[in-house]
Amino acid sequence: MKKLMFAALCAALAQTALAQERTPSGKAVAKNPVSAEAEQVFRNSFRPDNPKYWMSRLEQDDAMKLCGQYKDNPPAAVRQKIELAQKATIRYPVDGKLMGKWQEGEKIAAHGRGGHIGFIQPDAPMTPRGGNCYACHQLAAKEVAYGTIGPSLHHFGKLRGNSDDIVKYAYDKIYNSNAFNACTNMPRFGLHNWLTPEEITHVVAFLMDPESPVNKD
Amino acid sequence: MIQRFIRTLVGAAVVAAFAGSAAAQDSKVADELAKYREALADGNPADLLEVKGAALWAEKRGPKNASLEQCDFGLGPGKLDGAYAQLPRYFKDTGKVMDVESRLVHCMVTLQGFKQEDVTKQWFSKPGTESDIEALVTFIGAKSNGMPINVPATHPEEKKMYQIGEYVFYRRSGPQDFSCAICHGQDGKRIRLQELGNLTTKEGAGTAMKTWPSYRVSQGAVWTMERRLIDCMRQARFPEPKYLSDSIIALQVYLQKNATGTVMETPGIKR
């Protein structure tokens, strides 16, 4: 019953979304008139010798499709629909503990390789996949080679306090960033199994633990 | 010419010195690179490749023993001045929108009689293996130096390719939810220390597009725009695109139209 109601709600939200092709900033976004053909062109642009399990990376879920369609700036109703659906994907570690070891999290945050495919310069097959958080965020003060696509997370725990709510928020955000901000530039690390729930708990500790370098200096 | 050659050699020595220090100290890279660009302002290692490209252009080669001098890049046979800055464009004879690389390969096939799979085997260089395409594109690109990029995409086929390029630019997929827009859709951002322009604006696209093809210090080689875009697909964790494929050409229409009006400064020099 609950499920049915949820589905109906989603459908209703989608309806309003279609009616209202405006972003919160008020800019109208017309649907790309050639999107069906463009999708075909895109799919046909890859080498035929890419193995199938590589090609499966081109599949899109609803969130990806909608973000592309609205150029990452969906109208409020679509935004809400995406966030609801993404929240429902979040899974927790079996023991329920969301704070792991910050030392492990520090390594994961700094590690940027993993997951590159293709014939020119792929990663070695067993390369562990890192969170690559520094690509987009400032974290520990001592690491100066940080990117600015995302906000600074320096002193994250110190500033937010480490209540259970903030710990859970950090976990959820890393697991599925789009649950809070549809079409954000941040990857959905848990949803894609890029990081395991346990690895996410380590990264959470790196952000939250008072002893973590993120919260020192 | 000789003097230019010597400057290039000096440049190569700087490259070697620079490469060592870069690995050791990431944070200094941005600073060093600025100084280094200045030092090399008129001695880019790509100059050597440009000279090689000029020779390849005029040399009779292939089964038909012909040069490329009659190749038409859109302004008429053999007319290269400003041609690169107006590519990609629609070509009546093939009924397709083509970029500099697909057009060049077309001429190598039709004028010189090469087989496409043979001439594209080495579409980019590796240590110890040179690429004729890289050399020729560097030469052809330099013939647009000082001229404004001009890809209005007004022909219906060009307009469609622009729209396809825009679609691909915002299309998310893969295990990191990447699209081009994630890394290149905002002003003034960087990934680690590398600055990323906003390729959706004239300023950002112009700053990027005017310098290609470009000598890449970290790679020790000139990269063409196809090489750049195919590598960005790799960074996006996508499978590997086909060389000369339509989505790579469509992305170039999108980027060149956005960059239209910006004066070319090629060959460039990059990280």
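Points to keep in mind about this one:
- Leading residue by the ranking (farthest from A:CYS67 (Cα to Cα)) among those in the range A:161-181 that are crowded, with 21+ Cβ neighbours inside 10 Å and among the aromatic types (Phe, Trp, Tyr): A:TYR171
- Counting only residues that are facing chain A (nearest Cβ under 7 Å) and either out of contact with any Phe, Trp or Tyr (no Cβ under 6 Å at 6 or more places or on another chain) or without any contact (Cβ under 8 Å) to a residue 60 or more places away in the chain (or both), the range B:156-178 holds 10 of them.
- Residue in the range B:252-269 that is at negative phi and facing chain A (nearest Cβ under 10 Å) present: no
- Top-ranked residue in the range A:143-164 [being in a loop (DSSP other than H, G, I, E, B) and of a type in the set (Gly, Ala, Ser); ranked as nearest to the chain's Cα centre (by Cα)]: A:GLY150
- Output for the range A:182-213, where each listed residue is hydroxyl-bearing (Ser, Thr, Tyr) and either more than 11 Å from chain B (Cβ to nearest Cβ) or crowded, with 19+ Cβ neighbours inside 10 Å (or both): A:THR196, A:THR201, A:SER212
- Comparison of B:GLU240, B:GLU203 shows that the only residue that is more than 9 Å from chain A (Cβ to nearest Cβ), over 16 Å from the mean Cα position of the chain (by Cα) and free of Cβ contacts under 8 Å to residues at least 40 places away in the same chain is B:GLU203.
- The numbered conditions (1) surrounded by fewer than 18 Cβ atoms within 10 Å (Cβ to Cβ); (2) over 22 Å from B:MET233 (Cβ atoms); (3) in contact with a helix residue (DSSP H, G or I) (Cβ under 8 Å, 6 or more places away or on another chain) are all true for A:GLY112 except (2).
- Residue satisfying condition, being facing another protein chain (nearest Cβ under 9 Å), within 20 Å of the chain's Cα centre (by Cα) and either over 21 Å from B:ILE249 (Cβ atoms) or not polar (S, T, N, Q) (or both), within set B:ALA181, B:ALA221, B:ALA208: B:ALA181
- Check on B:VAL97, surrounded by 14 or more Cβ atoms within 10 Å (Cβ to Cβ), touching a strand residue (DSSP E or B) at 6+ places or on another chain (Cβ under 7 Å), β-branched (Val, Ile, Thr) and touching a residue at least 12 places away in the same chain (Cβ under 8 Å): yes
- For the range B:224-233, a residue qualifies if it is surrounded by 23 or more Cβ atoms within 10 Å (Cβ to Cβ), away from chain A (no Cβ under 12 Å) and closer than 22 Å to B:GLY185 by Cβ, and exactly one does: B:MET225.
- Answer residue from the range A:126-153, given it is crowded, with 19+ Cβ neighbours inside 10 Å and in contact (Cβ under 8 Å) with a residue 40 or more places away in the chain and is farthest from A:GLY100 (Cα to Cα) among those: A:CYS136
- Candidate set: the range B:237-267, residues that are in a loop (DSSP other than H, G, I, E, B) and touching a Gly at 6+ places or on another chain (Cβ under 6 Å); chosen: the one nearest to B:LEU199 (Cα to Cα): B:THR262
- Within the range B:249-268, residues that are within 17 Å of B:ALA83 (Cβ to Cβ) and at pLDDT 95 or above have Cβ atoms under 8 Å from residues that are part of a loop (DSSP other than H, G, I, E, B) and charged (D, E, K, R) in these pairs: B:ILE249/B:ASP99; B:GLN252/B:ASP99; B:ALA259/B:LYS210; B:THR262/B:LYS210; B:VAL263/B:LYS210; B:MET264/B:LYS210; B:GLU265/B:LYS210, counting only partners at least 6 apart in sequence or on another chain.
- Filtered residues of the range B:127-156 (kept if surrounded by fewer than 15 Cβ atoms within 10 Å (Cβ to Cβ) and at negative phi): B:PRO127, B:THR129, B:GLU130, B:PRO152, B:THR154, B:HIS155, B:PRO156
- All helices (runs of 4 or more DSSP H) inside the range A:25-124 with 1 or more residues being over 19 Å from the mean Cα position of the chain (by Cα) and more than 9 Å from chain B (Cβ to nearest Cβ): A:35-43, A:52-55, A:76-87, A:102-110
- Taken over the range B:126-140, residues that are of a type in the set (Ser, Thr, Tyr) and modelled with pLDDT of 95 or more amount to 2.
- Residues of the range A:125-142 that are more than 7 Å from chain B (Cβ to nearest Cβ) and not in a loop (DSSP other than H, G, I, E, B): A:CYS133 alone.
The values are calculated or read from the model by the stated rules, or taken from the named source; none is laboratory data. All values derive from a computational prediction rather than experimental measurement. Note: ideal-geometry Cβ built from the backbone for every residue, glycine included; neighbour counts use all protein chains shown.
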